[in-house]
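Colleague: My structure is below; once you've seen it, I'll send some questions.
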Amino acid sequence: MQLVKVATATLNQTPLDWDGNERRIRAMLARARAEGVSILCLPELCITGYGCEDAFLAPAVRVTALEVLESLLPDTRGMIVCFGLPLGHQKGVYNVCALAVDGALRGFVAKRALAGDGIHYEPRWFKPWPAGARAVVELQGRELPLGDVIFDCGGVRLGFEICEDAWMAERRGAELSLSGVDVILNPSASHFAFGKHIVRRRLVLEGSRAFGVTYLYANLLGNEAGRAIYDGDALVATDGVLVAEARRFAFTDGELTSAVVDIELPRVRHGALSGFSPAVIDEPGSRVAVPFEFPKLAPVPLVFNVRSWEQGEYVKEEELARALSLGLFDYMTKSRSRGFVVSLSGGADSSGIACARRSLVGFAAQSLGIEGLKSKLAYVPGVAQAEDARGIVHAVLTTVYQATRNSGEVTRQAAREVAQAIGARHLELDVDAQVQGYIAMIEGAIGRPLAWQTDDVALQNIQARTRAPSVWLLANIASALLLSTSNRSEAAVGYATMDGDTAGGLAPIAGIDKAYLRKWLVWMQTTGPAGLAPIPALSAVNQQAPTAELRPAGENQTDEGDLMPYDLLDAIERAAIRDKRSPLEIFELMSVQFPQHAREALVTWIERFFRLFSRNQWKRERYAPSFHLDDENLDPKTWYRFPILSGGYERELQQMRSKILG
């Protein structure tokens with residue numbers, strides 16, 4: 001046996017936060033040393049932060065990253081550690097991993113496969129490293145290898161698959177396996193999306209089995225740069241067996257996940273396979289030999305249990321609760337906002353956002369302890385005096401119900417009950433006088449009265465817009481963050497008032513469709529996340545039909561009456577945007593998925609979707625930043641780009657109508 005203690009680390013970094021990033025890395029190195037770790041894998045681009053975007057192209061950023069790397073080298077004595085940073089070479093910028101061994105820098109491996117789809121834009125900043133290419137870089141008078149190299153550290157061979165390298169059909173690990181690599185390190189910045197951890201687990205397990213190695217997968221943690229959330233999914237597997245897994249969605253600065261593995265066992269098992277034909281000669285320059293002495297270790301029992309909330313039928317609901325909570329917590333603390341303000345209408349969207357704030361405090365208290373949480377939020381007024389989690393919620397969350405003459409007692413009471421249940425500071429304002437003032441002013445200016453028969457949309461929108469100044473004023477007074485309540489279904493068809501209910505500095509649920517949000521709220525009412533109590537007061541919200549409540553009460557306005565059934569809207573959106581289907585193809589799909597609806601109605605609703613989607617791209621361009629929670633998104637800044645001005649699918653819609661209805 002050759003027993004070695006290996007570890008992966010998650011880190012909650014911030015782009016260009018040089019001192020903070022260095023401090024968190026240094027603390028992780030100290031923790032790894034205290035636990036006797038010999039090989040440590042840190043996340044991708046952990047020195048600079050992954051989300052630096054165009055700042056990666058600034059030479060000063062790369063110079064500073066190397067300075068930080070140099071300052072961290074003494075902390076690696078007695079260990080083998082990889083660091084992620086950008087590196088300039090021959091006019092290009094490369095995403096590299098630097099390997100430090102026993103306090104000295106030994107070389108760089110550059111990423112070959114760059115992530116350039118979805119929310120990723122790596123080809124804008126980095127060059128892909130050519131397969132098999134090797135070069136030499138000079139740093140402070142030293143020549144160091146760069147490129148496709150493996151490191152032989154005291155007889156243990158190490159190689160790299162850097163994030164996207166592992167997601168390719170022809171994985172880099174296959175080449176490393178033929179070269180006799182014992183340990184593959186995968187420093188990653190893999191954003192959270194529903195169910196993505198299952199895919200990562202498969203990649204790591206299959207990589208360790210197929211390549212006959214111990215596989216270390218490190219990841220970022222938290223809301224690093226504003227939109228993407230990292231769940232801190234870090235894994236250790238050896239020869240097809242998962243031996244350690246990090247705690248996901250932790251509120252700490254980072255998590256260390258370690259295991260004692262037998263380096264010799266995968267060698268024996270993999271070498272015995274008849275289909276394995278290793279490369280018997282190393283290519284010149286492909287192997288960097290480094291002296292290193294591993295400490296002698298005794299075998300330890302394998303103790304590894306998957307957390308209960310990650311199993312069963314509610315994993316997606318749990319992930320949403322935890323991702324929203326961690327994303328909002330980091331956004332608040334990194335922006336130094338002194339809490340949140342939410343315009344709580346008594347409907348599903350604002351109630352869901354308010355309840356996520358309650359979960360934020362609950363999860364953070366579980367992760368950090370009440371005193372640790374109070375210390376983290378000590379800059380927020382009222383937190384230091386809070387006696388428990390409910391008191392902290394009261395200090396960091398203000399909810400506001402803003403009534404007009406078209407508001408009903410049902411929504412007022414629902415908002416009041418939800419706010420009371422979660423412990424928020426709740427205010428009730430009447431803004432009808434301001435609404436009527438605007439209406440009277442415009443009537444006087446244009447010389448005619450405004451009427452619902454002729455000015456329906458304008459009269460609805462002025463109510464929503466009049467609510468914005470009040471909540472902005474409250475947020476400004478408290479130096480708090482105003483949260484927009486718009487959801488993804490509304491974003492698809494522009495069913496939101498710009499500068500009204502879209503007002504805010506952050507739109508947490510703009511990536512969540514209304515049908516699923518309502519399902520999640522029922523779960524929050526009846527079950528709730530593991531370790532936190534459900535919120536029965538949500539029943540007052542869940543039993544209502546969603547409504548903007550902007551028309552006179554006698555008209556019984558509902559969202560679905562204005563638009564179409566939400567489940568159908570969301571299905572059309574996915575078929576049109578995610579799957580790139582034409583209107584006619586979508587009709588054929590919807591007629592099978594929703595046979596309860598008449599052909600004429602389906603045609604009308606599909607036409608409505610495409611026309612509203614095309615007409616309202618300008619609104620999506622102006623939405624507040626939103627969290628990326630699902631790898632199906634409408635955010636034009638990170639996922640789906642569409643022209644502001646377009647033909648609006650008129651020919652395609654006419655073809656559909658003619659073919660279906662004649």
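Colleague: With a cut-off of 16 Å, note down the residues of the stretch 368-393 whose backbone N falls inside the zone around a label point 7 Å from the Cα of residue 533 toward its beta carbon.
Modeller: Inside the label zone: 387-393.
Colleague: Right, another one. Grab the Cα-Cα distance for residue 451 and residue 624, subtract it from 0.36 nm times how many residues apart they are, and report the gain in nm with one decimal.
Modeller: That works out to 59.1 nm of additional length.
Colleague: What is the distance in Å between the Cα centres of the stretch 258-282 and the stretch 526-592?
Modeller: For the stretch 258-282 versus the stretch 526-592, the Cα centre distance is 53 Å.
Colleague: If amide hydrogens are placed 1.01 Å from N in the peptide plane, which non-local residues have theirs closer than 5 Å to the one on residue 403?
Modeller: Amide H neighbours of residue 403: 429, 430, 431.
Colleague: Let me ask you something else. Applying a 10 Å radius around every beta-carbon, put 3-9, 231-237 in order of their mean neighbour count, most first.
Modeller: 231-237, 3-9
Colleague: Per-residue HN-Hα couplings for the stretch 247-255, Karplus 6.51 cos²θ - 1.76 cosθ + 1.60 at θ = phi - 60°, whole Hz, x for Gly and Pro?
Modeller: Here the 3J(HN,Hα) series is 6, 7, 6, 6, 9, 8, 6, x, 10 Hz.
Colleague: Let me ask another. May I ask for the distance between the Cα centers of the stretch 20-41 and the stretch 217-249, given as a whole number of Å?
Modeller: Using only Cα atoms to place each centre, the spacing works out to 16 Å.
Colleague: Pull out the extension gain between residue 143 and residue 30, defined as 0.36 nm times the separation in residues minus the alpha carbon to alpha carbon distance; nm, one decimal.
Modeller: 37.9 nm
Colleague: How large is the helix-only mean residue ellipticity at 222 nm for the chain, computed as the sum of -39500 (n - 2.57) over DSSP H runs with n ≥ 4, divided by its residue count, in deg cm²/dmol to the nearest 500?
Modeller: -12000 deg cm²/dmol
Colleague: Please find the FRET efficiency linking residue 264 to residue 178, where r is the Cβ-Cβ separation and R0 is fixed at 22 Å, and quote it to the nearest 0.05.
Modeller: The formula returns an efficiency of 0.70 here.
Colleague: Determine the relative contact order of the stretch 499-604: mean sequence separation of Cα pairs under 8 Å and six or more apart, normalised by residue count, in whole percent. Walk me through the numbers on the way to the answer.
Modeller: Numbers: 61 pairs, mean separation 16.0, N = 106.
Relative contact order here is 15 percent.
Colleague: Moving on. At 0.36 nm per residue, and after removing the present C-alpha to C-alpha distance, how many nm does the segment from residue 458 to residue 472 gain when stretched out fully?
Modeller: 2.9 nm
Colleague: With r defined as the distance between the Cβ atoms of residue 604 and residue 556 and R0 fixed at 25 Å, what FRET efficiency is calculated, to the nearest 0.05?
Modeller: Once rounded, the FRET efficiency stands at 0.75.
Colleague: For the stretch 267-337, what mean projected area does the convex hull of the alpha carbons give, in nm²?
Modeller: Computed as one quarter of the Cα hull surface, the answer is 12.4 nm².
Colleague: Accessible area of residue 410, 1.4 Å probe, to the nearest 10 Å²?
Modeller: 100 Å²
Colleague: Next up: Would you please classify the overall shape of the stretch 125-239 from the alpha carbon gyration tensor, given that a ≥ b ≥ c denote the square roots of the eigenvalues, rounded means a/c under 1.5, and beyond that prolate means a/b larger than b/c while oblate covers the rest?
Modeller: Oblate shape, in that a/c is at least 1.5 and b/c is the bigger or equal ratio.
Colleague: Which distance in nm do the two modelled labels at residue 124 and residue 19 give, with both placed 7 Å along the Cα-to-Cβ direction?
Modeller: 2.9 nm
Colleague: Here's a follow-up. Could you work out the relative contact order of the chain? I mean the mean sequence separation of Cα pairs under 8 Å and 6+ apart, divided by the number of residues, in percent.
Modeller: 11 percent
Colleague: As a test of reading the structure, rank 111, 316 by solvent-accessible area (1.4 Å probe, protein chains only), most first.
Modeller: Correct descending sequence by accessible area is 316, 111.
Colleague: Would you compute the Debye intensity of the stretch 301-403 from its alpha-carbon atoms alone, equal scatterers and no solvent, and pass along log10 I(q)/I(0) at q = 0.12, 0.18, 0.24, 0.25 Å⁻¹ to two decimals?
Modeller: -0.46, -0.90, -1.30, -1.36
Colleague: If you don't mind, there's one more thing I want to ask. Just add up the charged neighbours of residue 210: K/R +1, D/E -1, any other residue whose Cβ is under 15 Å from the Cβ of residue 210.
Modeller: In short, 0.
Colleague: Top to bottom by accessible area (1.4 Å), largest first, where do 608, 581 land?
Modeller: 581, 608
Colleague: Can you tell me the relative contact order of the stretch 277-436? Whole percent, Cα pairs under 8 Å, sequence separation 6 or more.
Modeller: On the way: 169 pairs, mean separation 34.6, N = 160.
Answer for the stretch 277-436 is 22 percent.
Colleague: Next question. Report the FRET efficiency, 1/(1 + (r/R0)^6), for residue 654 and residue 293, where r is their Cβ-Cβ distance and R0 is 60 Å, rounded to 0.05.
Modeller: 0.20
Colleague: So, taking all protein chains as they sit and a 1.4 Å probe, how much accessible area belongs to residue 441, in Å² rounded to tens?
Modeller: Accessible surface of residue 441 is approximately 110 Å².
Colleague: Another question about this same structure. Calculate the tail of P(r) for the stretch 397-478: the fraction of all Cα-Cα distances greater than 21 Å, expressed in %.
Modeller: Roughly 40 percent, rounded to a whole number.
Colleague: Whole Å is fine, so just give me how far the alpha carbon centre of the stretch 307-379 lies from that of the stretch 85-126.
Modeller: The stretch 307-379 and the stretch 85-126 have Cα centres separated by 33 Å.
Colleague: How long is the chain along each principal axis, judged by its Cα atoms, biggest number first, in Å?
Modeller: 87, 67, 47
Colleague: Rounded, prolate or oblate: which one fits the stretch 293-332, using the alpha carbon gyration tensor with axes a ≥ b ≥ c (rounded when a/c is under 1.5, else prolate when a/b beats b/c, else oblate)?
Modeller: oblate
Colleague: Assuming a ≥ b ≥ c are the square roots of the Cα gyration tensor eigenvalues, decide whether the stretch 446-519 counts as rounded (a/c under 1.5), prolate (otherwise, with a/b larger than b/c) or oblate. Please report the intermediate quantities before stating the final value.
Modeller: Details: a/c = 3.37, a/b = 1.27, b/c = 2.65.
Oblate.
Colleague: Using a 1.4 Å probe and ignoring any ligands, DNA or RNA, find the accessible area of residue 394 and quote it in Å² to the nearest 10.
Modeller: Approximately 90 Å² of residue 394 is accessible to the 1.4 Å probe.
Colleague: While we're on this one: Read phi for every residue in the stretch 281-294 and hand back ³J(HN,Hα) as whole Hz from Karplus 6.51 cos²θ - 1.76 cosθ + 1.60, θ = phi - 60°, with x for Gly and Pro.
Modeller: After applying 6.51 cos²θ - 1.76 cosθ + 1.60, I find 10, 6, 5, x, x, 7, 10, 10, 8, 9, x, 7, 10, 7 Hz.
Colleague: Also, I was wondering about something else. Quick one: which residues, 5+ away or cross-chain, put their amide H under 5 Å from the amide H of residue 289? H built at 1.01 Å from N.
Modeller: Under 5 Å from the amide H of residue 289: 152.
The values are calculated or read from the model by the stated rules, or taken from the named source; none is laboratory data. Computed from a predicted model, the values in this text were never measured in an experiment. Note that each Cβ is placed from the backbone with ideal geometry, even for glycine, and that neighbours are counted across all protein chains shown. For accessibility, only protein heavy atoms count, side chains too; no ligands or nucleic acids. Shrake-Rupley method; radii C 1.70, N 1.55, O 1.52, S 1.80 Å.
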